[in-house]
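Asker: Have a look at this one before I ask anything.
Nothing in this text is a laboratory measurement; each read-out follows from the coordinates by a stated rule. Fair warning: this is a prediction, and the values are worked out from it, not measured in the lab. So basically every Cβ, Gly included, is an ideal-geometry build from the backbone, and we count neighbours across all protein chains shown.
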Amino acid sequence: MTVSVDTDACCAMGRCAATEPEVFDQDPESGTVVLLLAEPPPALHEAVRLCADLCPCSAITVTED
């Protein structure tokens with residue numbers, strides 16, 4: 001799995017960072033998503049997919065390898 005984020009599309013809701021803080025964080029100034037792990041380990045895949053589904057502005061893209 002590879003994860004990418006579009007910080008321009010991010011609406012700073014923070015659902016991703018709250019749901020999976022090992023993969024996502026928020027910029028302290030803008031509140032937009034910060035990607036911590038572009039290739040998360042398999043144990044986090046389900047949570048990362050959930051983050052992509054929960055994102056109200058579709059700023060998270062998950063590519064299955």
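Asker: Within the stretch 10-27, identify whether any single residue is in contact (Cβ under 8 Å) with a residue 60 or more places away in the chain, in contact with a helix residue (DSSP H, G or I) (Cβ under 8 Å, 6 or more places away or on another chain) and outside any loop (DSSP other than H, G, I, E, B), and answer yes or no.
Answerer: So far as the stretch 10-27 goes, no, none of its residues is in contact (Cβ under 8 Å) with a residue 60 or more places away in the chain, in contact with a helix residue (DSSP H, G or I) (Cβ under 8 Å, 6 or more places away or on another chain) and outside any loop (DSSP other than H, G, I, E, B).
Asker: Scan the stretch 39-65 for residues that are of a type in the set (A, V, I, L, M, F, W, C) and out of contact with any helix residue (DSSP H, G or I) (no Cβ under 9 Å at 6 or more places or on another chain) and jot them down.
Answerer: ALA43, LEU44, CYS57
Asker: If ARG49 satisfies all but one of (1) assigned to a loop (DSSP other than H, G, I, E, B); (2) free of Cβ contacts under 8 Å to residues at least 40 places away in the same chain, what's the number of the condition it fails?
Answerer: With respect to (1) assigned to a loop (DSSP other than H, G, I, E, B); (2) free of Cβ contacts under 8 Å to residues at least 40 places away in the same chain, ARG49 is out only on (1).
Asker: While we're looking at this one, here's another question. Consider the stretch 28-43. How many of its residues are more than 16 Å from SER58 (Cα to Cα) and not in a loop (DSSP other than H, G, I, E, B)? Step through it out loud before you land on a result.
Answerer: Of the stretch 28-43, the ones more than 16 Å from SER58 (Cα to Cα) are 28-30, 36-43.
Within this subset, residues satisfying the condition of being not in a loop (DSSP other than H, G, I, E, B) are 42-43.
The total comes to 2.
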